[in-house]
Each structure stands twice: as structure tokens, then as C-alpha cells.
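The values are calculated or read from the model by the stated rules, or taken from the named source; none is laboratory data. Source: prediction; values computed, not measured. All Cβ positions, even for glycine, are placed from backbone atoms using ideal geometry, and neighbour counts span all protein chains on display. For the accessible areas, the whole protein counts, side chains as well, though only heavy atoms, and no ligand, DNA or RNA atoms are used. Shrake-Rupley method; radii C 1.70, N 1.55, O 1.52, S 1.80 Å.
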Amino acid sequence: MSDVFDSSESVTRPSKKQKPSPPNDYECPILMELMSDPVICADGFSYERSAIEKWLRQHGTSPTTNEPLTNKKLLPNKTLKAAITAWKDNLKG
């Protein structure tokens, strides 16, 4: 094994223009996008409000587990929303 750097090897470094990917828990499992209005569903998972509302109009199951839901109530996930806001603020510098 050689410790010498071969200049033909490519080195990938994030450019200043590239945005870091958000943590997976900050992305809606339906949209696969950063949530702005996260809510908790009866399955215990968090979703973007508009995406889960649309899902629930057509389904009675969890989009994550496909198990039947005990109810269709949605609760704001204030803790997750605060964490996402803090993460976004941290990116601004």
C-alpha cells in the first residue's frame, strides 16, 4: 500500500455552491424533500402536512408502513420544525 498521492486519482470536495443534504429525518417520506410544515401522523412518522393530507384523502394506511391507521388526526411537530429551522439558519452562517 502506498501513502503517495497519485495525481490521476480524483478528489471530490464539496463546492461552496453545493448545498449540504438535510438529515433524512428532516425530509418527508412521501415527497423526499425538506419539510416546512411537519406533522405527526397516527403511525408515529412525520410528514409534510400537504403531502400527508393528500395521501389520507385517498388511503387509510400509513405511507411508510402500509399498515391501517387508527385515525387520521395530524398534530404539528413543533420540535422537528424548530430543528429544521435551526439547521437552515446554521447554513446561512
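Selection within region 51-77: residues that are among the basic types (K, R) and touching a Cys at 6+ places or on another chain (Cβ under 9 Å). The member of this set that is least open to solvent (accessible area, probe 1.4 Å) is K72.
Take region 41-93 and flag every residue that is hydroxyl-bearing (S, T, Y) and either touching a residue at least 12 places away in the same chain (Cβ under 8 Å) or in a loop (DSSP other than H, G, I, E, B) (or both).
Keep residues of region 41-93 that are hydroxyl-bearing (S, T, Y), which gives 46-47, 50, 61-62, 64-65, 70, 79, 85.
Those that are hydroxyl-bearing (S, T, Y) and either touching a residue at least 12 places away in the same chain (Cβ under 8 Å) or in a loop (DSSP other than H, G, I, E, B) (or both): S46, Y47, S50, S62, T64, T65, T70.
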